[in-house]
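Each reported figure results from applying straightforward, stated rules to the coordinates on display, with no laboratory input. What you are looking at is a predicted structure, and each value in this text was computed from that prediction instead of being measured. Cβ atoms come from the backbone with ideal geometry, glycine included; neighbour counts cover every protein chain shown.
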Amino acid sequence: MDIELKEGLKTVLQFYRELGFESLPLSCSDELEVANYKLNDSRNENSKDQLVEFDGIAPQCPKDAQLKVLRKEIGECQRCKLFSGRTQIVFGEGSLNATIMFIGEAPGKEEDIQGRPFVGDAGRLLTKLIEKMGFRREDVYIANIVKCRPQMNREPQGDEMSTCFPFLDRQIQVISPKVIMSLGKIATYALLDIKVPMSKFMITKTRGSVYDYKGISVVPTFHPAYLLRNPRDKWLTWEDAQAVLKII
Ligand code: SF4
């Protein structure tokens, strides 16, 4: 924001502060307006420089506006090294009012080309599961722990996941599903507060129970790519899907 505009905004906000307003709920039509500005007490010298405090996206704004701002904030992200191998960012997609969110680990080759999550062979299997659960793909929300494809489809590394995760966290807060189905070891490990090192963490021992992420139920299951290689375990995923259906 340019300095002149910021100074002007400070003066206006100071004026409202003196009138007794604590905050200004602004409209949601563009990036600036969805910002939730807090009015610090201008009488306090220490808070003068922070008179205008940007507090992220106003939660009262429509979900599509909130996600639009988030996408804009991600921009052509280069915050972690995964940017160098991607064709495009795979933001995530689905219903803004989804009760179920499916979270995988990272985009693969097909996802990187199309810019959509779970559109390859594993994605087709996930779509079948969603339909078997009684939903259409567009009724749920689908995303990944990292938004850029790791080259050669390697697993995302710890620093890449921790850099990208706040974006997913914001998406989860906006969509606010009743339940998250975490797909595979990486997604489950990133979402849950797991004490053992990743190398010792096993999805086979974790699935079968319901966990919590910031008040949202989490049901871990196998990644669809694993099920393509091990179709015998599909019935276990169906068991997990039934646990999801019980919750909603
Ligand atoms: S994976 Fe996430 S943090 Fe890393 S470059 Fe892509 S969008 Fe940015």
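The table below gives the values:
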| read-out | value |
| --- | --- |
| Length gained when the stretch GLU239-LYS63 is fully extended (0.36 nm per residue, less Cα-Cα span) | 60.2 nm |
| Packing rank of 145-156, 191-202, 65-76, 95-106, where each peptide gets the mean count of other beta carbons within 10 Å, highest leading | 95-106, 145-156, 65-76, 191-202 |
| Above-threshold pairs, the threshold being 25 Å between Cα atoms, out of LYS63/LYS128; LYS72/LYS132; LYS109/LYS195; LYS72/LYS147; LYS205/LYS234 | LYS63/LYS128; LYS72/LYS132; LYS109/LYS195 |
| Using θ = phi - 60° and Karplus 6.51 cos²θ - 1.76 cosθ + 1.60, couplings along segment 218-231 (whole Hz; Gly, Pro as x) | 10, 10, x, 8, 6, 6, x, 5, 5, 5, 5, 8, 10, x |
| Percentage, to the nearest whole number, of Cα pairs in segment 63-247 over 29 Å apart | 13 |
| Overall form of segment 163-248 per C-alpha gyration tensor (a/c, 1.5; a/b vs b/c) | oblate |
| Other-chain or far-sequence residues with amide H under 5 Å of TYR213's (modelled H) | VAL218 |
| Extension reserve of the ILE248-THR204 stretch, reckoned as 0.36 nm per residue once the Cα distance is removed | 13.5 nm |
| Linear extension gain, VAL196 paired with ARG124, 0.36 nm per residue minus alpha-carbon span | 22.7 nm |
| At R0 = 22 Å, FRET efficiency that the Cβ-Cβ distance of ARG71 and ILE113 yields, to 0.05 | 0.70 |
| Dipole magnitude (debye, nearest 20) for segment 63-247, charges at Cβ of Lys, Arg, Asp, Glu | 180 |
